[in-house]
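Structure record follows, encoded as C-alpha cells.
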Ligand SMILES: [Zn+2]
Ligand SMILES: [Zn+2]
C-alpha cells in the first residue's frame, strides 16, 4: 500500500477527530470553542487563526460526514462523499516546508477556516486510501460496547479493535481466555 507519512499523519488526526463525538464517548469532547482550540493546539494544526462558534458548528458537521465515509459499503459511495467534501472546502494544493518540516503539500487554502482546512486535508487523506483500493482499512472497533473508529495500517489488515486502553486490554484478555479454553479442550490421554 502506498500511503505516505503525511497521509498517515492526516489519518491519525482524522481518527482523533472522529473519536471526540458524543456517539463515541457518551459525551461531546468538543463541546465549546475552548475545547476546539485545545484540540487544534494538541494536534498541532497549522495556520489556524482565532476560532468562533461557527467554526465549532462546522467541525461538528464535518465530523458527522467523515464518519459516514467509515460506514460506506463501496468505494463509489465513499468517493462521492469525499469528492463533495473536498470540493466544498476550496482546496489549493501548495508545497510548504513550514516550522522545520520537510517539504509537504497543504491541500487547504492559506489560512482557511478550520472546517475547510480539515475537510481538505482529511478528505484528501481519505482520497489516497480509496485510490489505493484500501477502503476496508477504515474500520469501526469490533468490541461490542465501543463505537470508536480506526484506520487499520497493519500489513495484513488484521486489526479488529481500536487502541483505547479498554479495547487493547480486552484483546489481550480474550486471547488469553481463548488459549486457556483450547488448552482445556485438549483431551487428557
Ligand atoms: Zn504542514
Ligand atoms: Zn474500541
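Structure summary
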{"quantity": "Label-to-label distance, nm, for residues given as residue 101 and residue 68 (7 Å Cα→Cβ offset)", "calculated": "2.8 nm"}
{"quantity": "Relative contact order of the chain, pairs being alpha-carbon contacts under 8 Å that are 6 or more residues apart, as %", "calculated": "21 percent"}
{"quantity": "Mean shadow area of region 66-125, taken as a quarter of the surface of its Cα convex hull (nm²)", "calculated": "4.5 nm²"}
{"quantity": "Rg and Dmax of region 1-77, Cα atoms only, in Å", "calculated": "13.6, 39"}
{"quantity": "Scaled radius of gyration (Cα, divided by 2.2 N^0.38 Å) that region 102-189 gives", "calculated": "1.64"}
{"quantity": "For the chain, alpha-carbon Rg relative to the globular expectation (2.2 N^0.38 Å, N residues)", "calculated": "1.18"}
{"quantity": "Distance in nm between pseudo-label sites at residue 25 and residue 154 (7 Å out along the Cβ direction from Cα)", "calculated": "2.7 nm"}
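Computed from the coordinates by the stated procedures, all read-outs in this text should not be read as laboratory data. Bear in mind the structure is a predicted one, so any value in this text is a computation, not a measurement. In this analysis, Cβ positions are derived from the backbone assuming ideal geometry, glycine residues included, and neighbour counts consider all displayed protein chains.
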